Amino acid sequence: MADLSFIYGTMESGKTTKLLQDNFNYTKHGHKVIIVKPKLDTKGGDLVVNRRKDSAKVDILLDKNESIISKENLKVVLDAKVVLADEAQFFTHEQVVDFWYLAHVFDIGVICYGLKNDFQGYLFEGTAALLSFADSKTELTVKCECGETAIFNARCVNGEYTNQGNTVAIDGEDDVSYVPLCGDCYLKKIIGKSQISDIIKE
Ligand SMILES: [Zn+2]
């Protein structure tokens, strides 16, 4: 049977570039590839676009209450070799389980690409489900500005770091951007409590 794979990392770790490369490789060998994105992610419209402006057309924009294994979507997906799903952190738990069914019952490979944690350090719903259900997991890493490996996505609004606001605010919209930071830099710039006296508990 086919597998569900999860490729995750911080912002700028090359997840979408990896999707576009995988798309190229499968297509080159004559395999049918279906590209899926959550409708919630408005960036790029019906395209998957990386930071170097390479792009591919999205075949299915999946709404929050829509399933990859609905009768309608199966008409598009059934003869595919693999489904590549971008921004997978925004899928619901149930949608991830449906991707898992697609691999293990319909025998169609699924590779999901997404962020691990939100800007406050919590796992996204789709990510938590994927860490549970994925048959294989690969972490892509990028360096923090200090040179250490980044594991957090810090939110910037108008160039200022913040830990406030909604969980979902799309990079590049409403003056919101995200910066990959290591643990030490996240502590200093976002939490702002780096002294023992700031954090000690009764
Ligand atoms: Zn750092």
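The values are calculated or read from the model by the stated rules, or taken from the named source; none is laboratory data. Source: prediction; values computed, not measured. All Cβ positions, even for glycine, are placed from backbone atoms using ideal geometry, and neighbour counts span all protein chains on display. Surface areas here come from the heavy atoms of the whole protein model, side chains and all, with no ligands, DNA or RNA. Shrake-Rupley method; radii C 1.70, N 1.55, O 1.52, S 1.80 Å.
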For this session: Pairs to check: Lys37/Lys81; Lys71/Lys137; Lys64/Lys137; Lys116/Lys137; Lys37/Lys116. Give those whose C-alpha atoms are more than 19 Å from each other in this structure.
Result: Lys71/Lys137; Lys64/Lys137
Problem set entry | Gap separating the Cα centres of the stretch 79-123 and the stretch 130-202, nearest whole Å | 22 Å
For this session: Between Gln164, Gln95, Gln120, find the one with the highest GNM mean-square fluctuation for the chain; connect C-alpha pairs within less than 10 Å.
Result: Gln164
Seminar exercise, completed: Low-density loop GluC sites (Glu not before Pro), the stretch 58-135, at most 10 other Cβ within 10 Å, DSSP non-H/G/I/E/B, are none
Exercise. Which whole number in µm²/s is D for the chain by Stokes-Einstein, with the Kirkwood Rh taken over Cα pairs at 4 °C and 1.567 mPa s?
Worked result: 73 µm²/s
Exercise. Amide H neighbours of Phe91 under 5 Å, counting only residues 5+ apart in sequence or on other chains, H built in-plane at 1.01 Å?
Worked result: Gly126
For this session: Measure off, as a whole percent, the carbon and sulfur share of the 1.4 Å-probe accessible area of the stretch 4-199, all protein chains present.
Result: 49 percent
Seminar exercise, completed: In order over the stretch 27-39: 3J(HN,Hα) from phi, Karplus 6.51/-1.76/1.60, θ = phi - 60°, whole Hz, x for each Gly or Pro, gives 5, 4, 8, x, 7, 7, 10, 10, 9, 10, 9, x, 4
For this session: Can you work out the accessible area per residue across the chain, with the rest of the protein chains kept in place, probe 1.4 Å, in square angstrom?
Result: 54 Å²
Problem set entry | 222 nm mean residue ellipticity, helices alone, for the chain (DSSP H n ≥ 4; -39,500 (n - 2.57); rounded to 500) | -7000 deg cm²/dmol
For this session: Please list, in chain and number order, the residues 5+ apart from Thr10 or on another chain whose amide H is under 5 Å from its amide H, with Hs placed from the backbone.
Result: Val142
Problem set entry | Under Karplus coefficients 6.51, -1.76 and 1.60, residue-wise ³J(HN,Hα) of the stretch 129-145 in Hz, glycine/proline x | 5, 5, 5, 6, 9, 5, 6, 9, 9, 10, 9, 9, 10, 9, 7, 5, 4
Exercise. So who's got an amide H within less than 5 Å of the one on Leu123, skipping anything under 5 residues away but keeping other chains? H placed 1.01 Å off N, in plane.
Worked result: Asp118
Exercise. Each residue of the stretch 189-202 in turn: what ³J(HN,Hα) in whole Hz from Karplus with 6.51, -1.76, 1.60 and θ = phi - 60°, glycine and Pro shown as x?
Worked result: 8, 9, 6, x, 10, 10, 9, 4, 5, 6, 10, 5, 10, 5
For this session: Write out the cysteines belonging to the chain for which the nearest other cysteine Cβ is not under 4.7 Å, or none if no such cysteine exists.
Result: Cys112, Cys146, Cys156, Cys185
